[in-house]
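**Student:** Dropping a structure here in structure tokens format, bear with me for questions.
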Amino acid sequence: MSYLLAPSILSADFANLQRDVEMINGSKADWFHVDIMDGKFVPNISFGFPVIKAIKKHAKKPLDVHLMIVDPDRYLQAFKEAGADILTVHIEACPHLHRTIQAIKALGMQAGVALNPHTPANLLSEIIADIDLVCVMSVNPGFGGQKFIPGIYPKVRQLKEMIAASKSSAKIEIDGGVSLDNATALLQAGADVLVAGNTVFSAKDPVQMIADLKKIQ
């Protein structure tokens, strides 16, 4: 079973960020998942461009940047310059989603769209063929360490069918509450990318936890 693992920097030790970045570099992880929050779209604030640039300086794997912000179009160029390789916006924050996706791609980044837990998958039907990633929120966005919402399994299966029907190359990413307990079921439902934050960074041996998450069959 081929899939990618993206540890979430939101759960890292910010006082030892370079250490944690280098730990991910040396692990079997595939991407860095970087959550950007503005205190408006979600009730929390994470970090901005200087921190992303600092991560990029040391990262040896792609930066998967997830924007949980209002009016993301204002900042697309800035996120490109900060080092984003994949840039994901929320469908709920983008009134002109197709234009936003095209702008992200024109800047040379892969384009993703995130769905909150209550947002139906079929809202992506008109754009699924144009995107590189669908980020399915399996917790309510804004904070790490939340409990996984089991109701997202049917959404993942529906998205997989939509992707196949449209001949899209989009990957399905699961963000929130991913652990060894649910990873197999998520992959069987159709997930291609697993974001793991608290599961990795609260583990006694994060490198071994990443290895364990990567060898699921």
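Throughout, read-outs are computed from the coordinates displayed, never taken from laboratory work. Predicted, not measured: the structure shown is a model, and the values here were computed from it. A quick note on method: Cβ atoms are made from the backbone with ideal geometry, for glycine too, and the neighbour counts reach across all protein chains shown.
**Student:** Taking 7 Å along the Cα-to-C-beta vector as the label spot, tell me the Asp73-Ser125 distance in nanometres, rounded to one decimal.
**Tutor:** It works out to 2.5 nm between the two label points.
**Student:** Another question about this same structure. Taking K and R as +1 and D and E as -1, what net charge do the other residues with C-beta under 13 Å from the C-beta of Pro206 add up to?
**Tutor:** It works out to a net charge of -1.
**Student:** Need one number: nm distance between label points at Lys214 and Ala54, each 7 Å from Cα along Cα→Cβ, rounded to one decimal.
**Tutor:** It is 2.6 nm.
**Student:** Taking R0 as 30 Å, what's the FRET efficiency between Glu81 and Ala15 from their Cβ-Cβ distance, rounded to 0.05?
**Tutor:** Here the calculated transfer efficiency is 0.70.
**Student:** If amide H atoms are built 1.01 Å from N in the plane of the peptide, which residues on other chains or at least 5 residues away come under 5 Å of the amide H of His90?
**Tutor:** Close amide H contacts, sequence-distant or interchain: Ile69, Ala114.
**Student:** Here is a further query. What is the fewest-to-most order of Val70, Val89, Val21 by other Cβ atoms lying within 10 Å of their Cβ?
**Tutor:** Lowest count first: Val70, Val21, Val89.
**Student:** A further question follows. Going by how many other Cβ atoms sit within 10 Å of their own, how do Cys135, Cys94 line up, fewest first?
**Tutor:** Values: Cys135 26, Cys94 19.
Fewest-to-most Cβ neighbours within 10 Å comes out as Cys94, Cys135.
**Student:** Starting from the Cα gyration tensor of the stretch 4-214, take the square roots of the eigenvalues, sort them a ≥ b ≥ c, and report rounded, prolate or oblate (rounded when a/c is under 1.5, otherwise prolate if a/b is larger than b/c, else oblate).
**Tutor:** The shape class here is oblate.
**Student:** Kindly put Asp205, Asp64 in sequence by how many other C-beta atoms sit within 10 Å of each C-beta, fewest to most.
**Tutor:** Starting with the residue having the fewest Cβ neighbours, the order is Asp205, Asp64.
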